[in-house]
Amino acid sequence: MIKTIYFQDDSVMLLDQSQLPDRLVYEKCNDPAQVADAIIGLKVRGAPLIGVTAAFGLALGIKNYRGPTEQVDQYFQATCKLLASTRPTAVNLFWALERMEKTYMIHRHQELESIAQILMAEADKMYAEDIAINRAIGDYGQELVPAGGRVLTICNAGALATCGYGTALGVIRSAAARGKIDKVWACETRPVLQGARLTVWELMREGIPVGLITDSMAGYTMQLGKIDLVIVGADRIAANGDAANKIGTFSLAVLAAYHNIPFYVAAPLSTIDLSIDNGGQIPIEERHQDEVRQIAGTYLTVPDVEVFNPAFDVTPQHLIKGIITEKGIIEPPYISGLEHIKTKTQG
């Protein structure tokens, strides 16, 4: 499995996903500001990986801190704020920063070198936990895939979006390992083409049968009877089960409901945000208009046309047949199911 992030000496090495599939390149980050820029620039993407990357960035900042000792707390909080400002929708980012902050507060009176080592160890622990969580999601989710299953997905919720294995693609990997996958249909995922560039590349590397369609072809592909189920990831799940994911996911859920095709969300418990009642309260990131106007720096349209470019949309809970987590599959009613599994795990 390809590594998406790792420590090397006094740096964090990030797989630059903006270069895929053409080039496999790691970017060297020497300070948290470079890590933040990589997240904003989609060199690092995927809710679970964004969270762990922020943890690595915090640990890196303390490891390389050379300012006055009495200002370490101020520096740590400023670094947290910087990293938190990168992507507003993915709740895993804030979950990871909060976990790192709790670790820091417990050990803040120790020597700076010891604090740095503790934070680096915590980030490494989160990395290992994420892979184990994804494998558990895959093991639970594969039970939903029929023999000869044909699965539709959007964006990339695979090893590239996590520390390894993946959430939605983790389910597909586990099903493929059991010989259950006939075809994965990957939506192109405009405007940044994560499906075409990343999901196709990732599955083809592992020999999992994959076909590519544009986002607008999904309904017709369903109409032709080529899809048995839809599995997607999530960047934030509200207390009622509404789920935010890459733009275009809501359309797939509506189409799946019309064609009586089950629609599932695969995500770790860290993606569940019980502080938000419903999807209407989830902050939706809007990105630069040129992501829609251009592909690879070439304009597709009139350069100054006004563009609406939300990065995510929200799928209402009533369109979701089940939420696949590392602790099992949650079915409606989601309000009680999500709260039960989340609080049980925390307890």
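Just need a number here: residues in region 14-26 that are of a type in the set (A, V, I, L, M, F, W, C) and crowded, with 17+ Cβ neighbours inside 10 Å.
Within region 14-26, residues that are of a type in the set (A, V, I, L, M, F, W, C) and crowded, with 17+ Cβ neighbours inside 10 Å number 3.
Given the criterion among the charged types (D, E, K, R) and under 16 Å from the mean Cα position of the chain (by Cα), identify the matching residue among Glu143, Glu129.
Glu129
Among the residues of region 206-224, are any crowded, with 22+ Cβ neighbours inside 10 Å and either at pLDDT below 95 or closer than 29 Å to Tyr26 by Cβ (or both)?
Within region 206-224, not a single residue is crowded, with 22+ Cβ neighbours inside 10 Å and either at pLDDT below 95 or closer than 29 Å to Tyr26 by Cβ (or both).
Count, please, the residues in region 1-31 that happen to be touching a residue at least 40 places away in the same chain (Cβ under 8 Å), more than 14 Å from Ala59 (Cβ to Cβ) and of a type in the set (A, V, I, L, M).
Counting residues in region 1-31 that are touching a residue at least 40 places away in the same chain (Cβ under 8 Å), more than 14 Å from Ala59 (Cβ to Cβ) and of a type in the set (A, V, I, L, M) gives 4.
Taking only region 279-298 into account, find how many residues are under 18 Å from Ala90 (Cβ atoms) and part of a loop (DSSP other than H, G, I, E, B).
6
When you go through (1) free of Cβ contacts under 8 Å to residues at least 24 places away in the same chain; (2) under 24 Å from Asp16 (Cβ atoms) one by one for Lys43, which number turns out not to apply?
Answer for Lys43: the failing condition is (1).
Give all pairs with beta carbons closer than 6 Å in which a residue from region 159-174 that is at positive phi meets a residue that is surrounded by fewer than 24 Cβ atoms within 10 Å (Cβ to Cβ); count only pairs at least 6 apart in sequence or on separate chains.
Final answer for the pair search is Gly164/Met1; Gly164/Ile131; Tyr165/Ile131; Tyr165/Arg135.
Among (1) more than 17 Å from the chain's Cα centre (by Cα); (2) part of a helix (DSSP H, G or I); (3) free of Cβ contacts under 8 Å to residues at least 24 places away in the same chain, there is one condition Gly207 misses while meeting the rest; what is its number?
Among (1) more than 17 Å from the chain's Cα centre (by Cα); (2) part of a helix (DSSP H, G or I); (3) free of Cβ contacts under 8 Å to residues at least 24 places away in the same chain, the lone unmet condition for Gly207 is (2).
Which of the residues that make up region 311-347 are surrounded by 13 or more Cβ atoms within 10 Å (Cβ to Cβ) and small (Gly, Ala, Ser)?
Those that are surrounded by 13 or more Cβ atoms within 10 Å (Cβ to Cβ) and small (Gly, Ala, Ser): Ala311, Gly322, Gly328, Gly337.
Taking the conditions exactly as written (under 13 Å from Ala266 (Cα atoms), acidic (Asp, Glu) and at pLDDT 95 or above), does Asp182 satisfy them or not?
no
Filter region 228-251 for residues that are surrounded by fewer than 24 Cβ atoms within 10 Å (Cβ to Cβ) and in a loop (DSSP other than H, G, I, E, B) and give the result.
Asp228, Ala239, Asn240, Ile247, Gly248
If the requirement is being under 18 Å from Gly46 (Cα atoms) and aliphatic (A, V, I, L, M), which of these qualifies: Ile341, Ile335, Ile284?
Ile284
Within region 2-28, count every residue that is in a loop (DSSP other than H, G, I, E, B) and closer than 24 Å to Cys155 by Cβ.
10
For Val200, indicate whether it is within 19 Å of the chain's Cα centre (by Cα), within 20 Å of Asn156 (Cα to Cα) and surrounded by fewer than 22 Cβ atoms within 10 Å (Cβ to Cβ).
It is true that Val200 is within 19 Å of the chain's Cα centre (by Cα), within 20 Å of Asn156 (Cα to Cα) and surrounded by fewer than 22 Cβ atoms within 10 Å (Cβ to Cβ).
Would region 170-185 turn up any residue that is crowded, with 22+ Cβ neighbours inside 10 Å, farther than 16 Å from Asp235 by Cα and outside the structural domain of Asn260 (by TED's automatic domain parsing)?
no
The values are calculated or read from the model by the stated rules, or taken from the named source; none is laboratory data. It should be emphasised that the depicted structure is a prediction, and the values quoted were computed from it without experimental measurement. Please note: Cβ atoms are built from the backbone with ideal geometry, for glycine as well, and neighbour counts cover all protein chains shown.
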